[in-house]
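Just so it is clear, none of the values below were taken in a lab; they were calculated from the coordinates. As the structure is a computational prediction, the values presented were derived from the model and not from experiment. When we count neighbours, we look across all protein chains shown, and the Cβ atoms used for this are built from the backbone with ideal geometry, even at glycine.
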Amino acid sequence: MQEPTALLAFAALSDATRLRIVRLLVRAGPEGLPAGAIGSAMAGATASRMSFHLKHLEHAGLVTARRDGRFVHYSAVFATLADLLAFLMQDCCQGHPEICASALACACPTPAR
């Protein structure tokens, strides 16, 4: 990921509502959620506000939209989110991977058995 792309993504995530939307869509997994469900989860945000935030996230490449009949479903773009994490971590450690171990463990926790 190049710096201008990372800056666009960070700018999109710098708003509390947009950050909550991305986190919600990450939890929803690859299937995503319909726009109405996202709006409901955002404590009754108006449709126009949700549209604004979702378009902003889509422009930054963090979410994608797909039409399903009358509904629009939004999903997190996991490849972009992974690239953003890699961009943050690419200069980490300087040959000492143990420094980054806790950050990586938080990003990808091992499932409980």
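For the chain, with a Gaussian network of springs between Cα atoms less than 10 Å apart, report the residue from Val72, Val63, Val26 with the top mean-square fluctuation.
In this elastic network of the chain, the residue with the biggest mean-square fluctuation among Val72, Val63, Val26 is Val72.
Compute a Gaussian network model of the chain, connecting alpha carbons closer than 10 Å, and tell me which residue from Met50, Met89, Met42 fluctuates the most.
Among Met50, Met89, Met42, the largest GNM mean-square fluctuation belongs to Met89.
So what are the three principal axis dimensions of the range 23-86 from its Cα atoms, in whole Å, longest to shortest?
Result, largest extent first: 34, 22, 20 Å.
Pick out which of Glu58, Glu31, Glu98 has the largest mean-square fluctuation in a Gaussian network model of the chain, springs linking Cα atoms closer than 10 Å.
Largest GNM mean-square fluctuation: Glu98.
Stretched out fully, how many nm does the piece from Ala47 to Glu98 gain, at 0.36 nm a residue minus the Cα gap? All intermediate terms of the calculation are to be shown ahead of the outcome.
Details: separation 51, 0.36 × 51 = 18.36 nm, distance 4.53 nm.
Once the chain is fully extended between Ala47 and Glu98, it gains 13.8 nm.
What FRET efficiency comes out for Ala65 versus Glu3 if R0 is 22 angstrom and r is the Cβ-Cβ distance? Round to the nearest 0.05.
0.25
Could you tell me which trypsin sites (Lys or Arg not before Pro) in the range 1-95 are loop residues by DSSP with no more than 12 other beta carbons within 10 angstrom of their beta carbon?
For trypsin sites (Lys or Arg not before Pro) across the range 1-95 that sit outside H, G, I, E and B with at most 12 neighbouring Cβ atoms in 10 Å, the list reads Arg70.
To the nearest 10 degrees, how steep is helix 78-89 against the longest Cα principal axis of the chain, on a 0 to 90 scale?
Long axis of 78-89 versus the principal axis of the chain: about 40 degrees.
Hey, any idea what the orientation-averaged projected area of the convex hull of the chain's Cα atoms comes to, in nm²?
8.7
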